[in-house]
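To start, the structure under review is shown below, and the notes come after it.
Bear in mind these aren't lab numbers, they're just calculated from the coordinates by the rules spelled out. What you see is a predicted model, and the numbers here were worked out from it, not measured in a lab. Backbone-built Cβ (ideal geometry, glycine too); neighbour counts: all protein chains shown.
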Amino acid sequence: MVILKGTSKVNTRTRKVGAAVTAAASVAAGMVFAATPATATVAEYPTSSFSIEYGASYYKGTATWYNRSVDVNGSFKATGCRRVYARAFAGSTSLDFKSSSTWCNRSGPVRFSLDANVVGGSDNIWIYMTDENQTFLKGQTCYRSLSYCVDGLH
């Protein structure tokens, strides 16, 4: 170690500690910035609108397709007793399945977050309604690549 003439060992140590702290802070800050992914807006993800109507009952809303999940968000109205379901697929392989409780003569929002933890995520989902005995009433299949839904479970 070389000590410049006219400087004390304390000043040299202070400079070294300060430089080390600054370097560590720079590295830590760099890691934070490097680890933070770019934030994407919802508009950047594909969406599909669905509408399931059975008599006066309905479940209408939007499916938003993310890389490893699908959010199904809709308005549910049950006339009599009804239940809604959502199931995510990659091809014909089932990835996740969620359902509401049975609702009787009430309405409100129902949201499902379906896991699709495979490369490429889910490419299609089923959204459907049953009665209180789990008898199928009506449903739709929604496709990520087409950004729309069709009647029936395909």
In nm, what is the difference between 0.36 nm times the number of residues separating Lys98 and Val150 and their Cα-Cα distance? 16.7 nm
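Tally Lys and Arg at +1 and Asp and Glu at -1 over the other residues with C-beta under 12 Å from the C-beta of Tyr66: what net charge comes out?
Summing Lys and Arg as +1 and Asp and Glu as -1 gives -1.
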Modelled label-to-label distance, Cys81 and Tyr45, 7 Å Cα→beta-carbon offset: nm? 3.4 nm
If you put +1 on each Lys and Arg Cβ and -1 on each Asp and Glu Cβ, how big is the dipole of the stretch 103-154 around its Cα centre, in Debye rounded to 20? 160 debye
Label-zone membership for the stretch 64-103, site Asp115, 7 angstrom Cα→C-beta point, backbone N under 11 Å: 95-97
So, by mean Cβ neighbours within 10 angstrom, what's the order for 129-136, 61-68, 108-115, 81-88 with the highest one leading? 81-88, 61-68, 108-115, 129-136
Note down the nm distance, to one decimal, between modelled labels 7 Å out along Cα→Cβ at Lys60 and at Gln134. 3.0 nm
Net charge near Gly55, counting Lys/Arg +1 and Asp/Glu -1 over other residues with Cβ under 11 Å of its Cβ? +1
